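Participant: Here it is, the structure in full.
The values are calculated or read from the model by the stated rules, or taken from the named source; none is laboratory data. Please read all numbers here as calculations on a predicted model, not as lab measurements. FYI the Cβ positions are ideal-geometry reconstructions off the backbone, even for glycines, and counts take in every protein chain you see.
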Amino acid sequence: MADDKWTDEEVRYFFALYADEKKKGNRPRSDINLAGREFIINKFEEKFAKRWIWDRFKNKVDISRKAYIKFKNLTHNRTGLVYDALGRLAMSEGWWDQRIAEWQGARKYKIKVPPNMDLFEAEFGAVTVTGAEGWCAQQGEASLDSRVDAEKNDESDSVDTDMPAPREGTSRAGSSKRKRKECDQEPYVVRNAILAEKNKIAKEMVEIMAEDRVLLQQDRKFRIDSVLEILNKLPGVIMWSPFHIGALNHLKAVEGNRMAFMSFSSDDDKISYLENMIGVKMYEGL
């Protein structure tokens, strides 16, 4: 389904539920367990009368994370930020003029301020790189080079105008040369620290993407067509028997039924589960 069919109210309600599941321990890392998924799906259906599969919610998290990272170019290391009731940045004209002067990309956010950024700040705030003020993961290597080079030029051009008298056996020129050498080395220390932070964030993002692929494979495991294929291959199952029809209806009803069915590793346990759930034995009525 297209992401633009979400309303702002739905987004804010979902992310509130999503944050609560983290507090309850159902989101140990970037993952969320089956209990957390089912709770969110059911509560969302109760409020909006929409029964969506987890893929829909997972896609919303991924899209919102990407939108937040881009938006963070505007707000990184800024204090005194104000948001309205819909989570849209509500700042003065003077504030916007300053941001546009610093970064032309800020203009599009002034024209159409994206909603729910207060929620995304709470959820994804750790995603943004904090190595250098105003720099984040989306600005790339070129930004790092220009920032570090600027710092190098500033520090190398500085002159100590209040130098102490040279000690015996030393010269003013030698002291000045050592100071300049130390200044030349400092920007490289800053650069290395920033690059180390960047590499750390990149590694974490790769791990998150790997976990997301695993989750996607798990979600496909519970699709109706996949589950019914396993049902039809169970030993002794007769197509369109009372047991088969009852099992079909049970598994099609909600995703939770399919999850429970697939949680049993053996065929016998799967059959026993279905017999208890639908109240019909496999060979009953034949």
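Participant: Only one of 81, 89 is more than 27 Å from residue 222 (Cα to Cα) and touching a Phe, Trp or Tyr at 6+ places or on another chain (Cβ under 7 Å). Can you tell me which?
Facilitator: Working: 81 fails: touching a Phe, Trp or Tyr at 6+ places or on another chain (Cβ under 7 Å).
The conditions single out 89.
Participant: Here's another thing I want to ask about it. How many residues are of a type outside the set (Phe, Trp, Tyr) and surrounded by 13 or more Cβ atoms within 10 Å (Cβ to Cβ) if we restrict to the range 17-32?
Facilitator: At the first step, the residues of the range 17-32 found to be of a type outside the set (Phe, Trp, Tyr) are 17, 19-32.
This time we only want the ones that are surrounded by 13 or more Cβ atoms within 10 Å (Cβ to Cβ), so: 17, 19-22, 26-27, 30-32.
Here the count works out to 10.
Participant: Would you mind stating whether residue 238 is modelled with pLDDT under 90, outside any helix (DSSP H, G or I) and out of contact with any Leu (no Cβ under 6 Å at 6 or more places or on another chain)? Give the steps one after another, and end with the answer.
Facilitator: On the way: modelled with pLDDT under 90: yes; outside any helix (DSSP H, G or I): yes; out of contact with any Leu (no Cβ under 6 Å at 6 or more places or on another chain): yes.
Yes.
Participant: If you don't mind, another one. For the range 18-28, give me the residue count where each residue is free of Cβ contacts under 8 Å to residues at least 40 places away in the same chain and under 19 Å from residue 85 (Cβ atoms).
Facilitator: Going residue by residue through the range 18-28, those that are free of Cβ contacts under 8 Å to residues at least 40 places away in the same chain are 20-28.
Restricting the remaining residues to those that are under 19 Å from residue 85 (Cβ atoms) gives none.
Counting residues in the range 18-28 that are free of Cβ contacts under 8 Å to residues at least 40 places away in the same chain and under 19 Å from residue 85 (Cβ atoms) gives 0.
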